[in-house]
Amino acid sequence: MVSQTFIRGMVAAGALLCATTPLLATATLIPEQFQGMWQSVDEGQVPSCNINDADSMLTVEPDRIDFHEGGCDILDIDASSADAGTLSLDLMCGGEGEIWSSKQVWKSKANAGTRALEVTDRRDDGDFSYLYAQCTTLGPAVQPDARSYCYSDGEFSTLEITTISEDKLHFSVESAQINAHICGLEGVADVIDGGARYTERFTDGSQCTLDILFSADMSVRFEDKDETCKRNFCGMRAYFDRIEFAGASGQPC
């Protein structure tokens, strides 16, 4: 059963580590061909690129590498062989209350018809290699045991999401904000890359387009770019753009 839960972070099983908040500043950038989202795979395995497999993924940014509950800053990069598909990195890593250094070599290769990175972690007790396949898009999560997911901010806002099909979900959100002004909306949204989108056209020709966006730490936020949704479904001092749910607050329901 496909369910739209939320990205669970970027993890590299102790291999490729980085930081969502940089540990050390650096002017050295990771070359573009190594950037993007990568999922840990076995040799010959095609990446699922599903949201609920995101704990086996990492995101390589120009100046860092993001993953679940920790990360690494770049101390130094040898990109002299980058055009040939090889990159050497010295990293300072942190996660789950620990900090450590890591020397790694990345090599571009093909795997099961997709771009991949072979990551070799140089350690005192030997070299350890890991394979990551590139994800160009992130698909909906597979939740065989739960079709619904519920979020709460613990005070004034709740969200429930229920899978209808592979490309549609039902949502219900209610949020009390300044002076008890409320945003409330329920409907069926289309699954999009990184989240879902609800649209509703009104008799005056305007259209509400509300994006429900899922972040790497499983958190959820709403985006109402022109505030048409706000004007039709929120009180004067309430806004969809102010609604956020921490990843830790989500659970099957």
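What to note about this one:
- Phe128, Phe240, Phe67 arranged by Cβ crowding within 10 Å, fewest neighbours leading: Phe128, Phe240, Phe67
- Calculated FRET value between Glu32 and Asp127, using beta carbons and R₀ = 22 Å, to 0.05: 0.25
- Computed Rg/Rh of region 57-111, alpha carbon atoms with Kirkwood Rh: 1.00
- Cα pair count fraction exceeding 18 Å, expressed as % - region 146-252: 46 percent
- Trypsin sites (Lys or Arg not before Pro) lying in DSSP loop within region 161-237, provided at most 14 other Cβ fall within 10 Å: Lys225, Arg237
Bear in mind that the values in this text are calculations on the coordinates, not laboratory data. Remember, it's a predicted structure, so these values are computed and weren't measured experimentally. Every residue, glycine among them, receives a Cβ derived from its backbone with ideal geometry; neighbour counts consider all protein chains shown.
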